[in-house]
Amino acid sequence: MTRPILVVAFGTSIHTWRWLQLVRGAGRPIVLLPVVLLSFTHDQTQPELAALPEIGSAAELERLGPNAVAIWRPRSESTPDELPPPIALDNRDSIVRGADVAEAVRALRPVLLHSMEVQWAGYACLRASELLGSACPPWLVSNWGSDLFLYRKLAAHRPVLENIARRMDGSLNECARDYDILRSLGFRGATHHVMPASGGIDFSEVPPLADLPAPSARRRILVKGYHGWSGRAQNILSALHLAAAELRRFQISVILASTGLAQAIRCLSRADGLDIVAEPWEADHKVALQRLTESRMMVGIGISDGIGTSMLEAMAAGAFPIVACTSCADEWFESGRHGVIVDPHDTGGLADAIRMAVADDALVDAAAGPNRHLVERRWDRATNRMDALEIYASMIRSDV
């Protein structure tokens, strides 16, 4: 049997699907082990991932062929790992166990273990590494936005991150800043150049800017509606209230809003006379891209992030990005020229950035071309596929 690559990742994530699309078809099977038990019963499952064939043995995988992409269904009978849960999660009962990862490794004998994200996937792979010992294959860790930048500051999590840093064999980061963080945690393994967590997109699916309305002609503002352990959408609503007088000619769409935030949106609409609505979640990601091609700007902030995919999509679609300094947006564009980078706690400063993007047609139009060129160069699926496959090849031992 051609030995597979085992990817431990969210089974509900567009990032996971895009990554699997990036690396599939390279002569080795790819097996996804979802990090959330029974994740495909969730009503926001990524439909392409849910359609993948399920396997429970190496023989079943072999029958699918050398370029197959399949799901390994983890069991739920094993004891939850005694590790601190991710922020805002009460316990680890719903997260895949290290014993389940170890069982998949023993059954499939993968040439590479790849955890995409740290606190859910990486922690389980850490426990699996401890259980497997020398039988553990090379372990590549994809660090997403907040995995190191935020969690290293938390007393319960830092020792776990230090243990991961010592055990992992290779690192793939979204942000250059995170390599310094990893080294401070004790990492001495292989490093690779930065790459967005999703790997890349097919730009043939995104209309060229010449086929779209100029950003200055668009009358939609897109807001990322996460508010919780990291996202600060309530701060964005406060900024919209401060800038309301300049925004009444725009339609403001808030995506991924919680029930509580949707209520706040309705209050803001009534109080300030704004055309603002909470948009429903869409399984078809093309709808999200369509919204951005109609948007003058995209606003998304939080206390911690990496290179937000919504920001990259906005840059691809010509929407002017306004994001937080707690991301690594400064590794992608110049604030005040190609977008605006703000302090997530400075509501007045955020309101000023929104006002500027509304008032300055020349600014938003001039940013669109360079932003599109940059993401076409650094977030293109075809280009990043070659890099990703080279990273995989460098991590796989030569004797397999």
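Between 0 and 90 degrees, the angle of helix 347-359 with respect to the longest Cα principal axis of the chain falls at about 70 degrees. By the beta-carbon count within 10 Å of each Cβ, the least crowded to most crowded order of Leu131, Leu292, fewest first, is Leu131, Leu292.
The order of Thr309, Thr191, going from fewest to most other C-beta atoms within 10 Å of their C-beta, is Thr191, Thr309.
When DSSP beta bridges are restricted to pairs lying wholly in the stretch 170-307, around 10% turn out antiparallel.
If R0 is taken as 35 Å, the Cβ-Cβ distance between Gln263 and Met1 corresponds to a FRET efficiency of 0.05.
Of Asn384, Asn67, Asn143, the residue with the greatest mean-square motion in the GNM of the chain, using alpha carbon springs below 10 Å, is Asn67. In the chain, the longest principal axis of the Cα atoms and the axis of helix 259-272 are about 10 degrees apart. Of all beta bridges DSSP finds with both residues in the stretch 203-378, what is the antiparallel percent, to the nearest 5? Taking every DSSP beta bridge with both residues in the stretch 203-378, the antiparallel ones total about 10 percent.
The stretch 232-250 and the stretch 52-117 have their alpha-carbon centroids 43 Å apart. Between Ser94 and Arg219, full extension at 0.36 nm per residue minus the direct alpha carbon distance yields a gain of 40.8 nm. Once each part is reduced to its C-alpha centroid, what is the distance from the stretch 135-204 to the stretch 293-357 in angstrom? Between the Cα centre of the stretch 135-204 and that of the stretch 293-357, the gap is 24 Å.
Here the Gaussian network model covers the chain, with springs between Cα atoms less than 10 Å apart; of Leu89, Leu182, Leu126, Leu89 fluctuates the most.
Here is the list for the stretch 310-388: trypsin sites (Lys or Arg not before Pro) lying in DSSP coil, each with at most 13 other C-beta atoms within 10 angstrom of its C-beta, are Arg337. The helix-based estimate of mean residue ellipticity at 222 nm for the chain, built from -39,500 (n - 2.57) per DSSP H run of four or more residues and divided by its residue count, is -11000 deg cm²/dmol to the nearest 500.
Restricting to the chain, compute how many DSSP beta bridges are antiparallel as a %, nearest 5. For the chain, the DSSP antiparallel bridge percentage is about 5.
Of the GluC sites (Glu not before Pro) found in the stretch 64-151, those in coil by DSSP whose Cβ has at most 13 other Cβ atoms within 10 Å are Glu77, Glu82.
As a rough footprinting exposure proxy, the listed residues Cys125, Cys136, Cys325 were ranked by other beta carbons within 10 Å of their own, and the order from fewest upward is Cys325, Cys136, Cys125. The local environment of His15, defined by Cβ-Cβ distances under 11 Å, has a net charge of -1 under the rule Lys, Arg +1 and Asp, Glu -1. In a reduced charge model with +1 at each Lys and Arg Cβ and -1 at each Asp and Glu Cβ, the stretch 73-197 shows a dipole moment near 280 debye about its Cα centre. Normalised by the number of residues in the chain, the mean separation of alpha-carbon contacts (under 8 Å, six or more apart) gives a relative contact order of 15 percent.
For the residues Glu390, Glu60, Glu205, a GNM of the chain with alpha-carbon springs under 10 Å puts the largest fluctuation on Glu205. Computed over the stretch 203-378, the percent of Cα pairs more than 27 Å apart is 17. Can you compute the label reach from Glu282? Point 7 Å from Cα along the Cβ direction, backbone N cut-off under 20 Å, restricted to the stretch 215-252. Under cut-off, by backbone N: 215-226, 250-252. Between the Cα long axis of helix 381-395 and the first principal axis of the chain there is an angle of about 30°, rounded to the nearest 10.
When Lys and Arg each count +1 and Asp and Glu each count -1, what net charge do the other residues less than 13 Å away from Thr347, Cβ to Cβ, add up to? All intermediate terms of the calculation are to be shown ahead of the outcome.
Numbers: positive: Arg232, Arg355; negative: Asp343, Asp346, Asp352.
It works out to a net charge of -1.
Here, each number is a calculation from the coordinates, and none is a lab measurement. Predicted model, so just to flag it, every value in this text is computed and none were measured. All Cβ positions, glycine included, derive from the backbone under ideal geometry; neighbour counts span all protein chains shown.
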